[in-house]
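Note sheet for the following structure.
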Amino acid sequence: MNRTRQTDFGTPASPATDTVSIEIDGLPATVKAGTSILRAARESGVDIPKLCATDSLKPFGSCRLCLVEIEGRPGYPASCTTPVEDGMKIRTQTEALARLRRNVMELYISDHPLDCLTCSANGDCELQDMAGAVGLREVRYGFDGSNHLDATVDASNPYFQFDASKCIVCSRCVRACDEVQGTFALTIEGRGFESHVSAGIGEDFLDSECVSCGACVQACPTATLMEKSIVEDGLPDHKVVTTCAYCGVGCSFQAEMKGDQVVRMTPWKDGMANHGHSCVKGRFAWGYATHRDRVLKPMIREKTSDPWREVEWSEAIEFTAQRFREIQHQYGRKSIGGITSSRCTNEEVFVVQKLVRAAFGNNNVDTCARVCHSPTGYGLKTTLGTSAGTQPFDSVMDADVIMVIGANPTAGHPVFASQIKRRLRQGAQLVVIDPREIGLVRSPHIAAAHHLALRPGTNVPIVNALAHVVVSEGLADEEYVRERCDLDSWEAWKTMILRPENSPEEVAKVSGVDAEEIRAAARLYGRARNGAIYYGLGVTEHSQGSTMVMGMANLAMATGNLGRSGVGVNPLRGQNNVQGSCDMGSFPHELAGYRHISGEEVRTQFEQHWGVTIDPEPGFRIPNMFDAACAGEFKAIYIQGEDVAQSDPDTTHVEAALSAMECIVVQDLFLNETSKFAHVFLPGTSFLEKNGTFINAERRINRVRKVMEPQQGKDEWLITQELAQAMGYDMNYSNAAEIMDEIAELTPTFNNVSFDFLDEVGSVQWPCNDNAPMGTPIMHVDAFVRGKGLFVETEYEPTEERTSRKFPLLLTTGRILSQYNVGAQTRRTANNVWYGEDLLEVHPADAEARGIKDGMLVSLASRKGDITLRAKITTRVKPGVVYTTFHNPETGANVVTTEYSDWATECPEYKVTAVQIAPATHRSKWQEGFDARAEEQERLAETD
Ligand code: SF4
Ligand code: SF4
Ligand code: SF4
Ligand code: FES
């Protein structure tokens, strides 16, 4: 018997709140009105056979296996498509029903391979189960007639196969692709006996529109669509529920295990962020965790020109502690620091910031969120009072107008994108504000009402113009503002926003967006019953990132779109634990829960708990650390799971800073660009080897559970603890749960959180404390956290990065679906089949003017440096704009990005760089240097 399959109620739960009373096989039952008979029976413990129904899809009624008898009604209705009615008396097991079901199964089985014993789904096949359930023992028709038993297997997708000989044409896969994923890649072609599932017209899965989300595989009741890992390794024998370690959606998965090996990751239906859906990364791209490149022994070296030397943990930790102590002795307490990682658990992040504050004795700790969502923290805290998004993902199902700004959900947050698409198919309207035509602008059955394809760097004028229209055309919710907001700030803001330079007509000149299009978008949002804003790094990674975040909060407050379901201002967090790493106090000026380090009361609380004195002065931010390193004042750094040499802007400057330091400690899974400058490498653990928590974009605290022991022999929090101890600070946890207990004790928004509590309730959104014992799905319900909502004047200060005759184009960057961030994980999976190298998107007009053809090698030059990469000619970008990704270190996309950053938080301005492009014949000088360094490091990695 399969022990990993999740309960399937056959049809979705009814949204009704009223109930009806029925009788099933003589037993009384009370279920929600609108529930199907099939589901009502299952909820009451009665299993009616089924094949075409599954509870993630609307009922379809094609297989005729779920027939029942209803007292007083003729015939045998399908229970999946028949809703219950009060007083209904249903019989699910009669002789007539048994006969009918056996007949149906007989027809299916007569055209199905009889290889159950050797089939990879043996024991995990609904068809097999149903044949047993209906008592089918023989097939009267024989197996010699026309059949599909010779149909071929499509194994083109790297992760799953399609064996057409096993298909019963139940259409669950097609409906999953349509209803759950929203890609519409599959169809049933042909009629009657000829009907078959098809991925595109005569295409295989790999060449089709399929985005490899796995929803069809999940839905298939037979072995037709099957994970290759199961075909190769067999079915799992146990499961552990955990959380995806890729993006900020935070999908829950069952890690399905055979012994200590993962054989499949299946999205968990009870996961509140994903409700059983997944994307290609979380579902399939987990193989990096056991990739041969994993470093499993600690390594040290005196100089970066020395070969790495594998050592025991104790030696690596003592070596590090001694170097850090010597450096502090020579250069002062503040000459060392640390960077925490948004890939790591809250518990791992918390101990690193504690190491810096308690053992290093300074506040030189920052997190990689510095380079992505730090403006979110600043902007939302200033206007609303909390450094976090306002809604649960499910809230989007109540939105009438969805505004997506500077985000590309189908690539960056795919599972949430599917939910957005579902809402759009139900009739909600979409406004996209992005320089590039992202996937949501136009896809099957979806079209944005307005796409404001603005010139990169002009978000602030656009949001000001939207607000201008809202205020000048009387679309503001004055009553809401009077009740909920600071009226002085409202009046001052209104005066600013009504100034002529904020009118759509003036902003059109700056942004390149037609004034009427701006007006129409503003009216749509301003008139919406519920308008919801979702945004990403296309908002924050600008020199006005914080201004734009506040601009969106202003707009939402002015229209009354905060504090209930269907509205809000929501950052789509890039990495799995960006929210958590910020919450944990890993900013140089804040302790856990965003409390300023200068606050004596808060500091005292931590000091008493930790038994140390905490420096009241904020420490260095990441860019300050690099500047100080170049100035000879910052000498050593402990970097937890971040590849700053690849991911941070202005690579040449970062490399100079790293080269200037005397001790760099990298804690990661793989050697990376930063480790080329490192003296100590402490091997980290993958998410499969950790106990802890991640916090997703909706503030949801999800459990991460260890499914296998750390491959390098040590929990990551323990590495940090041992380093603290070696430096003389007695950090003393015995497990990750104790770290969460301390976080909960010291952080008011986490007071009620513990591993036991999360294991009991599944997940919870902070704040979770005595005021909100079960967490807080929606923020700012009756009042803003800061009291009155604060309107902040958002004057537009253009970036100093300008186009010129020499650099006439604007480069903007982003990601694609199959790769993730710097690619350390996804480049070590079969995802490379979809995107093996970073490409430069160029509009045909710009390409033609420069003699650039599709696929040609081009040089991309900015004031900072130049690289070469291959061109992709596309109208997704406008003339004057080029776009690339930064997934491959050898591309060096950040060699060209600039030192400009957000005025409030120093979040780098990745999204606007003035560039020129030209045909190229060879790799750039930086890239040649990269190749030489890579060769050298490979040689040095061959340890003694
Ligand atoms: S592939 Fe699976 S889900 Fe799709 S029609 Fe065939 S049996 Fe049904
Ligand atoms: S994997 Fe996803 S996108 Fe591809 S066909 Fe299946 S459901 Fe559609
Ligand atoms: S949407 Fe994000 S969290 Fe969910 S499976 Fe994909 S990468 Fe993982
Ligand atoms: S399960 Fe009801 S008709 Fe197929």
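Quick one, what does Rg over Rh come out to for the chain if you take C-alpha atoms and the Kirkwood Rh? That ratio equals 0.98.
Straight-line cross-link reach from K872 at under 18 Å between alpha-carbon atoms covers these lysines, not counting any fewer than eight positions away in the same chain: K853. So if I take the centroid of the Cα atoms in the range 663-696 and the same for the range 769-808, what is the distance between those two points in Å? The range 663-696 and the range 769-808 have Cα centres separated by 31 Å. By DSSP, the beta bridges lying fully in the chain are antiparallel in about 60 percent of cases. The convex hull defined by the C-alpha atoms of the range 1-82 has an orientation-averaged projected area of 6.0 nm².
Here the dipole of the range 766-839 is about 360 debye; that uses its Cα centre as origin and unit charges on the Cβ of Lys and Arg (positive) and Asp and Glu (negative). A cut-off of 5 Å between modelled amide H atoms, ignoring neighbours fewer than 5 places along the same chain, links T913 with L811. Using just its DSSP H runs of length 4 or more, each adding -39500 (n - 2.57), the chain gives a mean residue ellipticity at 222 nm of -8000 deg cm²/dmol after division by all residues. Extension gain for the segment R99 to R73, taken as residue separation times 0.36 nm less the Cα-Cα distance, is 7.5 nm to one decimal.
Taking a straight line from the alpha carbon of K334, these lysines sit under 23 Å away, with near neighbours fewer than eight places off in the same chain left out: K303, K354, K635.
Given K166/K269; K676/K714; K32/K89; K166/K281, which pairs have Cα atoms separated by over 20 Å? Long pairs (Cα-Cα over 20 Å): K166/K269; K676/K714; K166/K281. Taking a straight line from the alpha carbon of K50, these aspartates and glutamates sit under 19 Å away, with near neighbours fewer than eight places off in the same chain left out: D8, D25, E69, E95, E106, D111, D124, E126, D129. Measuring between their Cα centroids, the range 710-761 and the range 321-341 lie 23 Å from each other. Using the Karplus relation 6.51 cos²θ - 1.76 cosθ + 1.60 with θ = phi - 60°, the per-residue 3J(HN,Hα) values for the range 365-372 come to 10, 9, 10, 5, 4, 3, 8, 10 Hz, with x marking Gly and Pro. Note: relative contact order over the chain, using C-alpha pairs below 8 Å and six or more positions apart, is 13 percent. Rounded, prolate or oblate for the range 767-883? Axes are the square roots of the Cα gyration tensor eigenvalues, ordered a ≥ b ≥ c, and the cut-off for rounded is a/c under 1.5. Oblate is the answer for the range 767-883, as a/c is 1.5 or above yet b/c matches or exceeds a/b. Under the criterion of Cα pairs below 8 Å and six or more residues apart, the relative contact order for the range 1-94 equals 34 percent. Charged side chains reduced to their Cβ positions (Lys and Arg at +1, Asp and Glu at -1) give the range 349-457 a dipole of some 180 debye around its Cα centre. Just check the range 260-407 against the gyration tensor rule for me: Cα atoms, a ≥ b ≥ c as the square roots of the eigenvalues, rounded for a/c under 1.5, and otherwise prolate or oblate depending on whether a/b exceeds b/c. Oblate is the answer for the range 260-407, as a/c is 1.5 or above yet b/c matches or exceeds a/b. Dividing the convex hull volume of the alpha carbon atoms of the range 161-273 by its residue count gives 119 Å³ per residue. Considering only C372, A592, I778, and ranking their Cα positions along the charge dipole of the chain that arises from unit charges at the beta-carbon of Lys, Arg, Asp and Glu, the one farthest toward the positive end is I778.
Summing +1 for each Lys or Arg and -1 for each Asp or Glu among the other residues whose beta-carbon sits under 15 angstrom from that of Y594 gives +2.
Rounded, prolate or oblate: which one fits the range 873-944, using the alpha carbon gyration tensor with axes a ≥ b ≥ c (rounded when a/c is under 1.5, else prolate when a/b beats b/c, else oblate)? Oblate. Segment T187..E837, full-extension length gain: 230.9 nm, with 0.36 nm per residue of separation and the alpha-carbon distance subtracted. The distance linking the range 115-138 with the range 530-581 is 50 Å (Cα centroid to Cα centroid, whole angstrom).
Pairs of Cα atoms nearer than 8 Å and 6+ residues apart set the relative contact order; for the range 752-889 it is 25 percent.
We did not get these values from a lab; they are worked out from the coordinates using the rules stated. Here the structure is a predicted model, which is why all the values come from computation and not from measurement. Every residue, glycine among them, receives a Cβ derived from its backbone with ideal geometry; neighbour counts consider all protein chains shown.
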